[in-house]
Amino acid sequence: MKAYEYDFAFSFAGEDREYVEEVANNLKNSDIKVFYDVFEQVNLWGKNLYSHLDEVYRNKARFCVIFISEHYRRKNWTNHERESAQTRAFQKNEEYILPARFDNTEIPGVHSTTAYINLLEFSPKQFAQLLIKKLKTIDTDALKIPKTTLKANQSKLPVKASDVNNRKSRQTMIAQHHGISDTSKDSKHKTQTVNFTAEGISQLSNDKPVIYKILTEGKKNNYTGVAKRGEVHKTIQKHLKSGKYYVPGHKVYIERMNSIKEARQKADRIIIRSKPKYNE
């Protein structure tokens, strides 16, 4: 099996650095080789970055982790890194690109059928452990990972990304067209997106606590909040233009949660990460 200089190459936008850096540090502490720009400052100094990064993302890593967000799509350098990674995946016809999403931004060449990890459901430490698990399942013989690290992670982590996405307590795949994204066995929708109008809000599920996001026409998160079971419609309607806490928006997205505590904890993570304008 080919030996790579890096186990993972990270491709991400600077706005998402706080999360990514914590993942990188957790991997580094577990003796996993990561191409992360902060770790490479001396090595990159003086190099032609365009050609050097192309070489890294095409040839030097076992996997490329793409941290997808609305910021990622807009950056020239991330697009360059992604295109190099996609060239490798196409030429070698192998499992190489590992998509991880902060939001539902569409990225050229990243197909909706490709299994991904929803980063809103994992702390940086948990995601790092999941990457270690991925290495273990693919390249066990080539790894030099401390047995204690693998043993500690094995009981906590799913074997496949698809298993993670299928767990009832996890958020399911984001809708391609930003509508209702998943149905459970009882046909109740876990996530929904509707027009940010009184009529649209009235169509939302009201039987569980929810996290809600008020989205602009360009799909930017203007506000993230929580609503208690039975108060979803009333709470979100307060943000309409006629309401007490007006927030401009085009769509409203909700995710049904098991408890109001769980909803508040997740909403706090979203607010810290995406810094919605009207949560300030």
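Give me the distance in nm between label points sitting 7 Å out from Cα along the Cα-to-Cβ direction at Ile271 and Ser51, one decimal.
5.0 nm
So with the 1.4 Å probe, I'd like the accessible area per residue for the stretch 1-148, rounded to whole Å².
Normalised by residue count, the accessible surface of the stretch 1-148 is 51 Å².
Stokes-Einstein diffusion coefficient for the stretch 47-116 at 10 °C in a medium of 1.306 mPa s, Rh from the Kirkwood formula over Cα pairs: what value in µm²/s?
Values: Rh = 12.4 Å.
Translational D for this selection: 128 µm²/s.
Taking 7 Å along the Cα-to-C-beta vector as the label spot, tell me the Glu18-Ala198 distance in nanometres, rounded to one decimal.
So the two model labels end up 3.8 nm from each other.
Could you point to the residue in Val34, Thr105, His80 farthest towards the positive end of the stretch 1-138's charge dipole, with +1 and -1 charges on the Cβ of Lys/Arg and Asp/Glu respectively?
Value computed over the given set: Val34.
Cα centroids of the stretch 249-280 and the stretch 33-49: how far apart, whole angstrom?
One Cα centre to the other: 35 Å.
Take the cross-link list Lys33/Lys219; Lys60/Lys92; Lys133/Lys220; Lys33/Lys92 and give me the ones stretching past 24 Å between alpha-carbons.
Over 24 Å apart, Cα to Cα: Lys33/Lys219; Lys133/Lys220.
When the dipole is taken about the Cα centre of the stretch 1-74, and only Lys, Arg (+1) and Asp, Glu (-1) are charged at their Cβ, what size is it in debye, to the nearest 20? Working shown, then result.
Values: 10 positive and 13 negative charges, 70 e Å.
That gives the stretch 1-74 a dipole magnitude of about 340 debye.
Would you kindly state how much longer the chain becomes between Arg73 and Asn93 on full extension, computed as 0.36 nm times their sequence separation minus their alpha carbon distance, in nm to one decimal?
Result for the pair: 4.8 nm of gain on full extension.
Between Lys241 and Glu5, how many nm apart are label points set 7 Å from Cα along the C-beta direction?
5.6 nm
The values are calculated or read from the model by the stated rules, or taken from the named source; none is laboratory data. Just so you know, these numbers come straight off a predicted model, no measurement behind them. Note: ideal-geometry Cβ built from the backbone for every residue, glycine included; neighbour counts use all protein chains shown. We work out accessible area using only protein heavy atoms, side chains counted, and drop any ligands, DNA or RNA first. Shrake-Rupley method; radii C 1.70, N 1.55, O 1.52, S 1.80 Å.
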